[in-house]
Amino acid sequence: MRKIESVVLGVTLGAVPIIASFLTGWWVSIPFAPESSIWRYALGGLLFGLFVDAIFLGRWIRRAYSMKTWVWMAVYGFYSIGVLGGFMGMPVFNLLLAVPAGAFVGRWLAHGGADSARMQRTAQRTAAFTATVLALVCLTSGSIALTAHSTASDLQGMLALPFEVTHSMIVGIIVVGGAVMLVLDWWLTIGCVKCVYGYFIAHDKSPSGLTSRRSPYEGCQ
């Protein structure tokens, strides 16, 4: 495993217990702790997350490509929820998660020596998963937008529209925008799987010890 891979995997996996523990300490303390003391519980959660990383992160990095699929699906779901909440319910930024997801799967396939046929099948399944998660994100965001009374005025002010935004327009934006995002998510996921797989197949050494002469961009075609 290359050093840059270890760093990326370490950040991706290591951030999960830190963020989760920090938010848990923060939210759990709200009902019973005075407002001035909430930061202590949040800090305690943060330190606990760092403690978990100190014990397990090295092992997680070494086993990253042999972990169960559901572990990585859970990690993807965690970041999907985090991005949705971090950007105030705007699902557009969740679309960007298709890039690292596809890149990881492409690297995982190349690391395992998968052939082109398996890569194609796995890319399709990965795209189906990321699109399903994005669809759930869009449904959640759309439900919030339709039930919030300020959505129309927020859109009108944010986009500086010279006309009044109606409920029908909001529904149209949700339906059309969601459909476009799902198509883009599918395309991005499969494209990233193919590109990264093709790159590493071309640059990693084969089982015979000889470097492949394939073009690093062949998988993108």
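All of the numbers you see were taken from the coordinates with simple rules; none came from a lab. Nothing here was measured: the structure is a model prediction, and the numbers come from that model. Glycine gets a Cβ as well: all are built from the backbone with ideal geometry, and neighbour counts include every protein chain shown.
With respect to the chain, whose longest principal axis is taken over its alpha-carbon atoms, helix 167-203 is tilted by about 20°.
Ranked by the mean number of other Cβ atoms within 10 Å per residue, highest first, peptides 104-116, 172-184 order as 104-116, 172-184. Length gained on full extension, residue 128 to residue 74, computed as 0.36 nm times the residue gap minus the Cα-Cα distance: 17.9 nm.
If R0 is 41 Å, what FRET efficiency do you get for residue 38 and residue 169 from their C-beta distance, rounded to 0.05? Provide the component values of the computation, followed by the final result.
Numbers: r = 40 Å, r/R0 = 0.97.
Efficiency, rounded to the nearest 0.05: 0.55.
Of the residues 73, 158, 88, the one that moves most in a GNM of the chain with alpha-carbon contacts below 10 Å is 158. Working from label points 7 Å from Cα in the Cα-to-Cβ sense, the residue 27 to residue 81 distance is 0.6 nm.
Across the options 183, 195, 151, the greatest Cα extent toward the positive end of the charge dipole of the range 75-221 (unit charges at beta carbon of Lys, Arg, Asp, Glu) belongs to 195.
A value for Cα Rg over 2.2 N^0.38 Å was derived from the coordinates, and within the list (1) 0.98; (2) 1.23; (3) 1.06 it appears as (2).
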